[in-house]
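The values are calculated or read from the model by the stated rules, or taken from the named source; none is laboratory data. Being a predicted model, the structure only gives us computed values, none of them experimental. So basically every Cβ, Gly included, is an ideal-geometry build from the backbone, and we count neighbours across all protein chains shown. Just the protein is used for accessible areas: all its heavy atoms, side chains included, with ligands, DNA and RNA removed. Shrake-Rupley method; radii C 1.70, N 1.55, O 1.52, S 1.80 Å.
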Amino acid sequence: MRPGETILYETRSAFNDIVVTGEHGGLRTLRFGRDSARQSVVKLHDPSHLELDYYAFTPSFLAFVPDPENLLIVGLGGGTLASFFHTHLPETAIDAVEIDPA
């Protein structure tokens, strides 16, 4: 965990130890274990915020399909990408699938 993070939720699923933390400034982070890498980061009240570097490349598909009718997200995580695309593509039908119900 990073300095300033506090644990908001912790559970064990069939796949991982799930830890959700909060930070000053409204960041919520999903980790698979207390000392693991950040899997997903959401900034409360700002669905356009993409905290992790790999998120920055995801919208690049819009260069090829600028107005998609449907979008499938495999791996919901913290819902960061689903929220981002729902904000920027409100007319697009978005489905997200996640193997871990926890």
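Loop-resident chymotrypsin sites (Phe, Trp or Tyr not before Pro) (DSSP state other than H, G, I, E or B) in the chain with no more than 10 further Cβ atoms inside 10 Å of their Cβ: 64. Among 75, 25, 33, the largest mean-square fluctuation in a Gaussian network model of the chain, built with springs joining Cα atoms closer than 10 Å, belongs to 25.
Of all accessible surface on the chain at a 1.4 Å probe, what whole percent is carbon and sulfur? Carbon-and-sulfur percentage of accessible area, whole number: 56. Between amide H atoms placed 1.01 Å from N, distances below 5 Å from residue 96 occur with 73, all of them 5 or more places distant or on a separate chain.
Which is the longest run of the chain containing none of the GluC sites (Glu not before Pro) found in DSSP loop states (not H, G, I, E, B) with at most 10 other C-beta atoms within 10 Å?
Details: sites that count: 69, 91.
Maximal segment without exposed cleavage sites: 1-68.
Solvent-accessible surface of the chain, taken per residue with a 1.4 Å probe and all protein chains present: 65 Å². Ratio of Rg to Rh for the chain: 0.99 [Cα atoms; Kirkwood radius as inverse mean 1/r over pairs].
Would you please name the trypsin sites (Lys or Arg not before Pro) within the stretch 19-102 that are DSSP coil residues with at most 12 other C-beta atoms within 10 Å of their C-beta? Working shown, then result.
Numbers: sites: 28, 31, 34, 38, 43; in loops: 34.
Here the sparse-neighbourhood loop sites are 34.
Here the chain carries DSSP beta bridges of which approximately 75% are antiparallel, counting only pairs with both residues inside.
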